[in-house]
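Reviewing the structure listed below.
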Amino acid sequence: MPENLHSSINQILEGKQLSISAITRELKEIGVNEHRLVMTGYLRALRDMKILDEVNIPPSKVYKMIDGKEDHPQADVYALIAREIKHFDQNVGLPLTVYVITSILDRPVFKEELLKMGFTSKNISDYLSRPGHMIRESRNENIREYISGITKIIIPPADPAYEADLMSSDIIKDANCLLVKMLRLSLDMSGLTPRTKRTTIADFG
């Protein structure tokens, strides 16, 4: 069982309540693959420790954070984008990611960073070979300075960097949605949103 399982569950349950199957599915999306029976026991243990609330919504049970028990570790921008970009059309995933990450970091994004967010070298080269692509390789004169200033990950000395180029209004609209979702996942929203809302079991997966 991964050491960060508890933190991963906290992140998934931030501001919502989910069934065991939905939690297991979302964990798998971020690379944590645990059997449903294992997750059942683990979630019930968290319930017994008063870390999670268990709510009976027939035919399932759903889990949510107990007020005041949230653990809010510093969010990793790469992990947040990698998780949320999957919900957008794959044809806009790369330019959307480049636009958002360069806006956040106020510099071009390096290939190594894009790989960390789930893209491959082939994804990048294939996209750049298409007509009308919306990103370009950066010719920023401060590229070497940016590389030396990045300490969170290792950027190869000759790593190419990319920046947005002629973003469409649809990409900008998607970027706003993505940034709002990332902000919600990064902040402590407890006490600011309704405790309950009208839901059906379909909302919980």
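So here's what we get for this one:
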{"quantity": "Paramagnetic reach from Asp48 (point 7 Å along Cα→Cβ, amide N under 13 Å) across region 19-39", "calculated": "none"}
{"quantity": "Pairs of alpha carbons in region 5-72 whose separation is greater than 17 Å (percent)", "calculated": "33 percent"}
{"quantity": "From phi via Karplus (6.51, -1.76, 1.60), per-residue ³J(HN,Hα) for region 159-175 in Hz, x at Gly/Pro", "calculated": "5, x, 10, 10, 9, 6, 9, 6, 5, 7, 5, 5, 5, 5, 5, 5, 4"}
{"quantity": "Ordering of 144-156, 84-96 by burial proxy (mean other Cβ atoms within 10 Å per residue, highest first)", "calculated": "84-96, 144-156"}
{"quantity": "Cross-link table Lys28/Lys173; Lys111/Lys152; Lys28/Lys86; Lys122/Lys181, entries beyond 19 Å C-alpha to C-alpha", "calculated": "Lys28/Lys173; Lys122/Lys181"}
{"quantity": "Note, ³J(HN,Hα) from phi for region 89-95, Karplus 6.51, -1.76, 1.60, rounded to Hz, x at Gly and Pro", "calculated": "3, 4, 6, 10, x, 5, x"}
{"quantity": "Full-stretch length increase - Met167, Arg144 - with 0.36 nm per residue and alpha-carbon distance subtracted", "calculated": "5.7 nm"}
{"quantity": "Placed amide H near Ile135: partners under 5 Å, 5+ positions off or other chain", "calculated": "Asp165"}
{"quantity": "Sites Arg136 and Leu183 - FRET efficiency at Förster radius 35 Å, r taken between beta-carbons, to 0.05", "calculated": "0.80"}
{"quantity": "Residues Lys86 and Val38, FRET efficiency given R0 of 25 Å [Cβ-Cβ distance, rounded to 0.05]", "calculated": "0.60"}
{"quantity": "Relative contact order (%) - region 77-185, alpha-carbon pairs under 8 angstrom, separation at least six", "calculated": "39 percent"}
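No lab work stands behind these numbers, since they all come straight from the coordinates. The structure presented is a predicted model; accordingly, all values stated were derived computationally and were not measured. Cβ: placed from backbone, ideal geometry, glycine included. Neighbour counts: every protein chain shown.
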